[in-house]
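Worksheet: one structure, shown below.
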Amino acid sequence: MSTVADKRLSELLDLVIAQGASDLHVYAGGPPMVRVAGALVPIAQRAALSSEDTEAMLKSIVPQERWASFLEHQSIDLSYAHTNAARFRVNGYVAQGAVAIAMRLIPSAIQSFTDLNLPSSLEAFTQREQGFFLVVGPVGQGKSTTLAAMINRVNETRTEHIVTIEDPVEYIFMPKRSLINQREVHVDTPDFRDALQAAFREDVDVIMVGEMRDYDTISAAVTAAETGHLVFSTLHTNNAAQTIDRIIDMFPAEQQGQVRVQLAGSLAGIFSQRLIPRVSGGLIPAYELLINNNAISTLIRDARTHEIGAVIQTSSQEGMIDMDRSLAELVRRGEVTVEHAYEHAMDPKTFERYL
């Protein structure tokens, strides 16, 4: 382990925390950069790093037994505890033959729905006995943070056995009313599928899967939701309708009809979010919330997912939230500019109508 790399990386991580940044990027040929309020900026007075510098930094935080795997696959995911102040989600990768590192700050405190400016209606999904709930959106839009708030709410209000399956483990949960076991892929279990299958033998009530990446993981998660478990997870999709299509498309054609029936019955809801620059500084979420009811179930079963957006728009009295309406509300409250909201609108004409 290189103490020089340790010291240099440690100083950079201290700067991330001090500047209120969300991410650190280290790469060969340029100075380290941080993301502050959504914008990437170079760290002042820092010289460009060499490929030897970046490799030494990554090697200093990767467990020795996993370094060979990184060299083989040229990519690695892990979590890293920086003193007692913070944890980071780390991705090490190779770009043009040199090691690069992306590190995302994971706040030590798990925030509440109110702290995160999320709708109180999410509370209802944390109190369900079973079902499948997804938090979706592009990379870097706060999905993990929202999911952590939901799991922590279960932890605070119910006496359940919660198992999280993550790659890597991000937020650390302290047991409150619930028993919580956190399993890290590559450390505690070979993969998501094995951990999900094992969960059926672990007297689990609530399962949190860090990310739906493949057919096996989604298949096991849908089965878990059908068999009396409450399952939470994330997907890199843009909205509820696209999420349902993505899940179904992961299955072979001959299974898709059956999966539609399973999903129509087990889906609890889908929450899609975007983080928008706030007029007063920082970021604030805009969101879409689909709640599975008879109308939505029918559309899923009948392969009419293209109609789901219209149902969300006309079902606000049932608690559903339309993304364009959410954006317009932020503009009316003076939280975000029209320009920033417009960039994230699902349908610009609908957004303009809501203003």
| Which condition number in (1) assigned to a helix (DSSP H, G or I); (2) over 24 Å from Arg177 (Cα atoms) is the one that Gly92 fails? | (1)
| Any chance the range 62-81 includes a residue that's more than 25 Å from the chain's Cα centre (by Cα), closer than 22 Å to Val139 by Cα and surrounded by fewer than 20 Cβ atoms within 10 Å (Cβ to Cβ)? | no
| message | I need the full set of residues from the range 269-304 which are surrounded by fewer than 18 Cβ atoms within 10 Å (Cβ to Cβ) and within 20 Å of Gln258 (Cα to Cα), in order please. | response | Asn293, Asn294, Ala295, Ser297, Thr298, Arg301, Asp302, Ala303, Arg304
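Conditions tested, residue by residue: (1) assigned to a strand (DSSP E or B); (2) closer than 18 Å to Met103 by Cα; (3) in the same structural domain as Leu13 (by TED's automatic domain parsing).
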site	(1), (2), (3)
Arg35	yes, yes, yes
Leu40	yes, yes, yes
Gln45	no, no, yes
Glu52	no, no, yes
Met57	no, yes, yes
Ala68	no, no, yes
Leu71	no, no, yes
| request: Evaluate the range 127-145: report whether one residue or more is modelled with pLDDT of 95 or more, over 30 Å from Leu327 (Cβ atoms) and buried (at least 18 other Cβ atoms within 10 Å of the Cβ). | output: no
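Filtering the range 317-332 down to residues that are assigned to a helix (DSSP H, G or I) and either within 22 Å of the chain's Cα centre (by Cα) or small (Gly, Ala, Ser) (or both), which residue is farthest from Thr237 (Cα to Cα)?
Step one: filter the range 317-332 for residues assigned to a helix (DSSP H, G or I), giving 317-318, 323-332.
With the extra rule that they be either within 22 Å of the chain's Cα centre (by Cα) or small (Gly, Ala, Ser) (or both), the set shrinks to 323-324, 326-328.
Details: Met323: 14, Asp324: 17, Ser326: 18, Leu327: 18, Ala328: 22 Å.
Selected residue: Ala328.
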| field | Pairs with Cβ under 8 Å, 6+ apart, first in the range 311-339 and in the same structural domain as Lys349 (by TED's automatic domain parsing), second in a loop (DSSP other than H, G, I, E, B) and of a type in the set (Gly, Ala, Ser) | value | Gly319/Ser121; Ile321/Ser121; Met323/Ala345; Asp324/Ala345; Leu327/Ala345; Glu335/Ser280
| said: Just to be sure I understand, how many residues within the range 206-219 are more than 12 Å from Ile247 (Cα to Cα) and more than 16 Å from the chain's Cα centre (by Cα)? | reply: 1
| Tally time: how many residues in the range 27-43 are of a type in the set (A, V, I, L, M), over 22 Å from the mean Cα position of the chain (by Cα) and within 13 Å of Glu11 (Cβ to Cβ)? | 1
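Look through Ala102, Ala98, Ala124 and report the one residue that is surrounded by fewer than 15 Cβ atoms within 10 Å (Cβ to Cβ) and among the small types (Gly, Ala, Ser). Give the steps one after another, and end with the answer.
Working: Ala102 fails: surrounded by fewer than 15 Cβ atoms within 10 Å (Cβ to Cβ); Ala98 fails: surrounded by fewer than 15 Cβ atoms within 10 Å (Cβ to Cβ).
Ala124 is the lone residue from the list that is surrounded by fewer than 15 Cβ atoms within 10 Å (Cβ to Cβ) and among the small types (Gly, Ala, Ser).
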| said: If Glu335 satisfies all but one of (1) part of a loop (DSSP other than H, G, I, E, B); (2) among the charged types (D, E, K, R); (3) out of contact with any Ser or Thr (no Cβ under 8 Å at 6 or more places or on another chain), what's the number of the condition it fails? | reply: (3)
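Here are some residues: Ile76, Ile17, Ile101, Ile110. Which one is assigned to a helix (DSSP H, G or I), of a type outside the set (D, E, K, R) and under 30 Å from Val135 (Cβ atoms)?
Values: Ile76 fails: assigned to a helix (DSSP H, G or I); Ile101 fails: assigned to a helix (DSSP H, G or I); Ile110 fails: assigned to a helix (DSSP H, G or I).
The match here is Ile17.
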| query | Mind checking which pairs have a first residue in the range 120-131 that is farther than 12 Å from Leu230 by Cβ and a second that is among the small types (Gly, Ala, Ser), Cβ under 7 Å, 6 or more apart or different chains? | reply | Ser121/Gly319
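Among the residues of the range 312-343, which ones are of a type outside the set (Asp, Glu) and within 18 Å of Leu134 (Cα to Cα)?
Within the range 312-343, Ile312, Gly319, Met320, Ile321, Met323 qualify.
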| query | Scanning for something free of Cβ contacts under 8 Å to residues at least 40 places away in the same chain and in a loop (DSSP other than H, G, I, E, B), does the range 252-273 turn up at least one residue? | reply | yes
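The values are calculated or read from the model by the stated rules, or taken from the named source; none is laboratory data. All values derive from a computational prediction rather than experimental measurement. Ideal geometry is used to build each Cβ from the backbone, glycine not excepted, and the neighbour counts take in all protein chains shown.
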